[in-house]
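Notes for the one structure printed next.
The values are calculated or read from the model by the stated rules, or taken from the named source; none is laboratory data. Given the structure is predicted, the values throughout are model-derived calculations rather than measurements. Neighbour counts run over all protein chains shown; Cβ positions are idealised from the backbone, glycine included. Note: areas computed on protein heavy atoms with side chains; ligands, DNA, RNA excluded. Shrake-Rupley method; radii C 1.70, N 1.55, O 1.52, S 1.80 Å.
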Amino acid sequence: MSTDDVSRRTFIRTAGGAAGVAGATAATTGNAAAQEVQPVWPSGASSGNLGTYQDARGESEVTVQVGAGDTGLAFDPTLLWVDPGTTITFEWTGSGGAHNVQTVEGGGPASLDSGDPTSEGGNTYVYETSEEDVGITHYHCVPHTAVGMHGGLAVGEDIETESTGGGGGSNAVFVPQGARALSIATFVAMVSTLGLAFVFMKYGGTITQEEK
C-alpha cells in the first residue's frame, strides 16, 4: 500500500469522524431547543387563536399585535413571558373588527384594560408590568372571546413551568437564537469538512505525484 493511500484513508477517517461529531452536536442542539421551558398556561390562554409564544425576558419593551392572523382574531404573540418593569405595547392591526384587551375575570394579577373596543389600525394600549403582576394572567378580547381571541401574560421568574416541544399550541417549534446560530455553524463546519474530503480523494494523489 502506498504512502498516498495511507494518507488518504487517514484523512477520510478523520473527516468522517468530524462530520459525525458535528452531526451529533446539531442533533443534540435541536433536541435541546425543542424542549423549551414555558409557564404552565391556563387552558383558556393556551387555546387562544394562533398560539404563538415569545420569551421576552431580558427585554425592556415588547409589542403584541391585536387582530393578528388570517382572520384578525388573535393576539400575536398569543403567549408572552416578560420581566417586571417590561413595557408591553398592544398595537391594533385594523383587521378582524373591533377589539380590546381585558383581563378575564379572576384571570390573574395583571389588570389589563384597554377600554372600549376599537377597529382603528395603529391604535395602541401601553401596559408596564410591575412586581404586583408577577404570575400568569389570562386575558381576552371581549367582543371575540367566544371565537378564541385569548392570550396569556407571564411575569417574573417565580412561576410554575413545564417542558414543552412547541409554542403553546403553535405548530412551529420555538428555537432560541443561540441554539439556532450554533446549529447553523455546525452545519457549515460539517459541509466544509466533507468538501475537503472530496477534494483530497479526487486530487490528493495527483498533487502528490506532481510534487514528486
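For the range 43-53, a residue qualifies if it is surrounded by fewer than 19 Cβ atoms within 10 Å (Cβ to Cβ), among the polar types (S, T, N, Q) and not in a loop (DSSP other than H, G, I, E, B), and exactly one does: Ser43. The strands (runs of 3 or more DSSP E) found wholly in the range 57-130 and carrying at least 3 residues that are open to solvent by 30 Å² or more (accessible area, probe 1.4 Å) occupy 61-66, 87-92, 124-128. For the range 131-155, filtered to residues that are among the aliphatic types (A, V, I, L, M) and under 25 Å from the mean Cα position of the chain (by Cα), the residue that is surrounded by the fewest Cβ atoms within 10 Å (Cβ to Cβ) is Val134.
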